[in-house]
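A.B. asks: Got a structure here, written out as structure tokens. Questions coming.
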Amino acid sequence: MVERLKTLLERDHIDRILEADIEAQEKQREFVCRRMKDRFDTICVLGAYSQDDAYAFKSIVPCASMSVASPFQSAEEAAAVLAYKIPGYVYTRIVNPTNYLLELTLAMLDGYDLNRYSDEIQTSALTTSSGMAAIFTAVTPFLHPGCNFVSSNKVYGGTYMQFDVELRQLGAECRWVENPGDLSEWKNSIDDGTRFMYVETPSNPGLFIADIPALADLAHSNGIPLIVDSTIATPVLMRPLSLGADIVVHSLSKAMTGSARAIGGALVSRKNIVTKEKNAELRADFATWVRKWPYRDIGACMSPANAERTLDEIRTLRHRIKTMSHSALRVAEFLRSHPKILRVNYPGLPSHPQHDLARREMVMVDEEPANAFSYLMSFDVKGSVADANRVVESMRIGYHTTHLGSSCTIRIQPSCTTHLQQGEEARRKAGIGETQVRYSVGLEATSDIIRDIDQALATVS
Ligand SMILES: *Cc1c(COP(=O)(O)O)cnc(C)c1O
């Protein structure tokens, strides 16, 4: 490898500094290739931070490297790094040491199944300033004026607006699939101008579950990638890349950083994505290509302080998701038989329209066989919009806000808030009822959560 990089530099002589850079990179790559064979929890806790890193920094945890830039030790090093001839830290907008540790961790987690059976890491990741920035960064490389893309209409409110308003203004047409469980509707929307397919699963707030292998097959037979927003599931419950997807996007602001202390996003791609783009580097390693070119120039990088916090939180990711998911199932079962509830939407209930699919796709990593259906549910209150408002206002456990996936319970009424701007017609099509409450179960005691919901429902007649 060192020899290969030396020839890449097209030089007979290579200076000591460059050699040290190349060897450090190689050492990190070898370390990641060993770490990615460890179990999920070990990757979560220790990630890409090696013993040697810990000795060098005199710290058992990775600390945020807040420096905007990294110094060069020679003119040759500066030239080689900036020309992308050797990888190296330059400037935080492109790559930062702390962000990079998080990126390697995310690549290992979303690529968990793919990397276990490989000698080289099969996935790469890129962090962004928010989940919306991750989506924008992931989709825009495929868009050209006059082209189109096909998306499930059961997406996060921000995604809906980005696709329907912002991207349309840039000249790309979003074709919404109204019944994303119906493969023929996807098929009928695709033509020669289609550049990618996009789905969110489970969807926020509708909890729609997508058949990822079937959608990936359809995308690939049309020569285009499948991009999946896997924010709700996190790699604990679902790893879309091993189900056939090409690119995964995450909001790291939600369950990944359960403390609700850091906003961030990420995209993770597999090697050799399927696409109509001709650029060989883009196809071979999408996330790395994006980092070098559009990401550098768009400027939506993550703050290293947020990367440090997210790394901290990921250490407990599997445990948090497991506890919250088990609690959520009990809450959903309680709501199902409550007289003031019209409908409970939770993939763990047999009444959920894609319960069987959820059982196939939502499997807790490293547990035999253990379905878990996440912490998120929605339920429709019997009565008026005002009744649903009163229920939300009367709850005392957790907070009434737009967030979800955090260690504290969160509730909101999407029709009056997060999904207000898209209008009643679009909400109806996306299955978001006017009295629907989105409920994200936290780590509080399940008995307290259930008691609180019960007293809040008692406030409406
Ligand atoms: C919150 C959310 C986003 C957007 O993430 P931000 O970090 O808030 O920008 C995207 N997708 C889903 C499913 C979300 O829940």
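Bear in mind that the values in this text are calculations on the coordinates, not laboratory data. Please read all numbers here as calculations on a predicted model, not as lab measurements. Counting neighbours? That spans all protein chains shown, and the Cβs are built from the backbone with ideal geometry, glycine included.
A.B. asks: Could you work out Rg/(2.2 N^0.38 Å) for the chain, with Rg from alpha carbons only?
C.D. replies: Cα Rg divided by the expected 2.2 N^0.38 Å: 1.00.
A.B. asks: From the phi angles alone, apply the Karplus equation (6.51, -1.76, 1.60; θ = phi - 60°) to region 405-411 and give each ³J(HN,Hα) in whole Hz, x where the residue is Gly or Pro.
C.D. replies: Result, rounded to whole Hz: x, 8, 5, 9, 5, 10, 9.
A.B. asks: Once the piece of chain linking Tyr55 and Arg360 is laid out straight, how much longer is it, given 0.36 nm per residue of separation minus the C-alpha distance between them? Don't skip to the end; give the middle numbers.
C.D. replies: Working: separation 305, 0.36 × 305 = 109.80 nm, distance 4.33 nm.
Contour length minus the Cα-Cα distance gives 105.5 nm.
A.B. asks: Could the peptides 192-203, 358-369, 119-130 be put in order, highest first, of the mean number of other beta-carbon atoms found within 10 Å of their residues?
C.D. replies: Details: 192-203: 23.8, 358-369: 16.8, 119-130: 21.2.
By packing density, highest mean first, the sequence is 192-203, 119-130, 358-369.
A.B. asks: Percent relative contact order of the chain, based on C-alpha pairs within less than 8 angstrom and at least six residues apart?
C.D. replies: Relative CO of the chain lands at 15 percent.
A.B. asks: Highest first, please rank the peptides 428-439, 371-382 by the mean number of other Cβ atoms sitting within 10 Å of their residues.
C.D. replies: 371-382, 428-439
A.B. asks: If each of Ser447 and Glu178 carries a label point 7 Å out from its Cα toward its Cβ, how far apart are those two points in nm?
C.D. replies: That separation, rounded to one decimal, is 4.8 nm.
A.B. asks: I would also like to ask the following. Could you tell me the convex hull volume per residue, in Å³, taken over the Cα atoms of region 36-100?
C.D. replies: Once divided by residue count, the hull of region 36-100 is 117 Å³.
A.B. asks: Roughly how many nanometres apart are two label points built 7 Å out from the Cα toward the Cβ at Trp293 and Glu367?
C.D. replies: Output for this residue pair reads 4.3 nm.
A.B. asks: Could you tell me which of rounded, prolate or oblate describes region 314-461, using a ≥ b ≥ c as the square roots of the eigenvalues of the alpha-carbon gyration tensor, with rounded for a/c under 1.5 and, failing that, prolate when a/b is larger than b/c and oblate otherwise? Walk me through the numbers before you get to the answer.
C.D. replies: On the way: a/c = 1.65, a/b = 1.38, b/c = 1.19.
Note, shape of region 314-461 comes out prolate.
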